[in-house]
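Single-structure report; data block below.
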Amino acid sequence: MNWESLSAFIEMGGYGTYVWGSFAVTIVCFALEVVGLSVRHQHVLHERNAHHHEAST
Amino acid sequence: MSDIRWYKFSSPQTFYPLAGALAPWFGVAAALFAGYGLYISFFLAPTDFQQGEAYRIIFIHVPAAWMSMFLYLIMAGWAAIGLAWHTRLSSMMAVAIAPTGALMTFIALWTGALWGKPMWGAWWVWDARLTSELILLFLYLGFMFLHAAIDDPRRADRAAAVIAIVGAINVPIIYFSVKWWNTLHQGASVSLTRIPTMASTMLWGMLIMSIAFWLYAIAVVLIRVRCVILERERNADWVKQLGADA
């Protein structure tokens, strides 16, 4: 175990801004990519369904 | 006989459900490896005697930088196959890889800046490694913007493939830049001396995180290629017949 306390973990030996800035931005990027793709997929399916219903009626 | 089955999966119609079935498994595996990799990164890997805790950025910086180069070569490969054999799905794969490749390149540059500042005293320097990685980002963006700028998707595939193939020369330049030029960017060896197993713990963490990044990239590319297939084949009968939750 490397850390004596939660605050030591957050401080990262004085490099907290750099370490957490790196990990946080990476996680946010991946989360946004996954959410964006999910929205895009639903949008495409919905557009197609709307178009399909319009054409069939 | 067996290669007939592979031809079958080169059709967007048969690949669409296959990609949908595979993506969640790659996603779950990516999450498990990332969880284990983060545990190694912060709890098993010891403090570096030179860089203190700042070196922990390596556990995402190196996998992201590796992926940025791997994905470019795979993208260029699919684009070349699509250009040579006019296989629609190959070009769709290239289009689906580009944004994830660009994201990995951005993460490599971002984490590099946040690592460079405390270690070198600069967010950015115009040295060979950093500059060639920045060019990689522009190549990804150039591929994406050129493809988006051409209305006919098959023409867009061919034009963008040329950028992808020509740009592939940049990947060995990035990789060997630290050998070919005198750069500020360090080589792979980082001295870790607190206990003898430190170097192997660090390598193990980097390996596990790299596998997590690979699995993540495969999962999102499979999901994105499904979107691309639907967008391009929206007028095909098989797309019209898909269920609302397909």
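Mind listing whichever residues of the stretch B:222-245 are hydrophobic (A, V, I, L, M, F, W, C) and more than 7 Å from every other protein chain (Cβ to nearest Cβ)?
Selection gives B:L222, B:V225, B:V228, B:I229, B:A236, B:W238, B:L242.
Would you pick out the residues in the stretch B:132-153 that are out of contact with any Leu (no Cβ under 7 Å at 6 or more places or on another chain) and without any contact (Cβ under 8 Å) to a residue 40 or more places away in the chain?
B:I135, B:F138, B:L141, B:G142, B:F145, B:L146, B:A148, B:A149, B:I150, B:D151, B:D152 - these are the residues of the stretch B:132-153 that are out of contact with any Leu (no Cβ under 7 Å at 6 or more places or on another chain) and without any contact (Cβ under 8 Å) to a residue 40 or more places away in the chain.
Just the residues that are β-branched (V, I, T), modelled with pLDDT of 80 or more and surrounded by fewer than 13 Cβ atoms within 10 Å (Cβ to Cβ), please, taken from the stretch B:166-203.
B:V166, B:I169
Of all helices (runs of 4 or more DSSP H) completely enclosed by the stretch B:1-91, which ones contain at least 3 residues that are exposed (fewer than 14 other Cβ atoms within 10 Å of the Cβ) and either among the aliphatic types (A, V, I, L, M) or in contact with a Pro (Cβ under 8 Å, 6 or more places away or on another chain) (or both)? Lay out the reasoning, then the answer.
Working: elements: B:2-9, B:12-39, B:58-85.
Per the criteria, B:12-39.
Please verify whether B:T111 is more than 23 Å from A:G16 (Cβ to Cβ), modelled with pLDDT of 95 or more, of a type in the set (S, T, Y) and crowded, with 17+ Cβ neighbours inside 10 Å, treating the condition exactly as stated.
Considered against the rule, which asks whether it is more than 23 Å from A:G16 (Cβ to Cβ), modelled with pLDDT of 95 or more, of a type in the set (S, T, Y) and crowded, with 17+ Cβ neighbours inside 10 Å, B:T111 comes out as no.
Going residue by residue through the stretch B:141-151, is there one that turns out to be assigned to a loop (DSSP other than H, G, I, E, B), more than 15 Å from the chain's Cα centre (by Cα) and under 30 Å from B:Y55 (Cβ atoms)?
Quick first cut of the stretch B:141-151, residues assigned to a loop (DSSP other than H, G, I, E, B) only: B:150-151.
Those still in the list that are more than 15 Å from the chain's Cα centre (by Cα) too: B:150-151.
Then drop every residue that is not under 30 Å from B:Y55 (Cβ atoms), which leaves none.
No - not one qualifying residue is present in the stretch B:141-151.
Being part of a helix (DSSP H, G or I) and within 19 Å of A:V19 (Cα to Cα) is the filter here, so list the residues in the stretch B:114-135 that pass it.
B:L114, B:W115, B:G116, B:K117, B:P118, B:M119, B:W120
The values are calculated or read from the model by the stated rules, or taken from the named source; none is laboratory data. Since the model is a prediction, treat every value here as computed from it, not as a measurement. Because the Cβ atoms are built from the backbone with ideal geometry, glycine has one as well, and the counts that use them run over all protein chains shown.
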